[in-house]
Amino acid sequence: MLKSDNYSKLQPMYPLLIQQFVDDYNLSKGIAVDIGVGPGWLGLEMAKITNMKIVFLDISQESLDLTKKNFQAMDVDNEVDFINADVQAIPMDDNFADFIMSRGSIWFWTEPEKGLREIHRILKPGGVAVVGGGLGRYLPETMRNRLQAALKQGLKERKEKRPSLEEFEAMVKKAELPDYRIFTDGDTSSGKWVEIRKMKQSSEEE
Ligand SMILES: C[S@@+](CC[C@H](N)C(=O)[O-])C[C@H]1O[C@@H](n2cnc3c(N)ncnc32)[C@H](O)[C@@H]1O
């Protein structure tokens, strides 16, 4: 699945998407999990601008090895962990993560609703997860047009399709999550994301 060409074209997008997550959810410390990591750029960008511990989880050991290599080449000292597992059976306790992100991976899960429920299970009460695909809201228009064209071309070459927004909504609905919202990257883009929250019990509220 690793096509380094496609990832290098997308490279300028990762820091902007991470900045969006940091701004939207006020992230600075705690545990962040990156699920379906590819070469690890999302989690690695998160390490650059926060003090979060980054847990990289992927079904492919090859992806994790590459992520580890990319992490070692970077000048950051965040705590990190690498977990070789299927998102549909995450080997972690309940209430583990403050933030979970997964970009461009859900399209490959055989039972996405199971993966989404697992993500909700390992979220800490008060935590938030963002799962889906897209480029985020922070790209300048010229970059967005260029990267969208590259994504489209990549899908065509690999003979892959992505679900429509309606199909994505139906996929998420199947998970029966207690608290979620679907959002896009904005009017001009085809990004599709689900934000999943785990509510605090009333006894846990500050
Ligand atoms: C297209 S890549 C996305 C990489 C990265 N998140 C990004 O945005 O550049 C999809 C990744 O999801 C992983 N993946 C696919 N199915 C998975 C599963 N069931 N559980 C965990 N990871 C999975 C693949 O091994 C691959 O690393």
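General observations
- As for segment 182-191, it holds no residue that is buried (at least 21 other Cβ atoms within 10 Å of the Cβ), farther than 24 Å from Ser8 by Cβ, modelled with pLDDT of 95 or more and of a type outside the set (Ser, Thr, Tyr).
- Verdict on Gly136 being touching a residue at least 12 places away in the same chain (Cβ under 8 Å), touching a Phe, Trp or Tyr at 6+ places or on another chain (Cβ under 9 Å) and not in a loop (DSSP other than H, G, I, E, B): no
- Residue in segment 5-21 that is at pLDDT below 95, part of a loop (DSSP other than H, G, I, E, B), within 18 Å of Gly132 (Cα to Cα) and within 14 Å of the ligand (Cβ to nearest atom) present: yes
- Here is the figure for segment 51-105: residues that are part of a loop (DSSP other than H, G, I, E, B), of a type in the set (A, V, I, L, M) and touching a residue at least 12 places away in the same chain (Cβ under 8 Å) total 7.
- If you filter segment 166-197 down to residues that are hydroxyl-bearing (Ser, Thr, Tyr) and under 19 Å from Leu139 (Cβ atoms), you find that the one that is farthest from the chain's Cα centre (by Cα) is Thr188.
- Segment 55-80 - residue that is modelled with pLDDT under 95 and among the acidic types (Asp, Glu) and, of those, farthest from the ligand (Cβ to nearest atom): Asp77
- Just one of the listed residues (Arg117, Arg103) is surrounded by fewer than 21 Cβ atoms within 10 Å (Cβ to Cβ), under 16 Å from the mean Cα position of the chain (by Cα) and within 15 Å of the ligand (Cβ to nearest atom), and it is Arg117.
The values are calculated or read from the model by the stated rules, or taken from the named source; none is laboratory data. All of these numbers come straight from a predicted model, not from anything done at the bench. Reconstructed Cβ throughout: ideal geometry from the backbone, glycine too, with neighbour counts over all protein chains shown.
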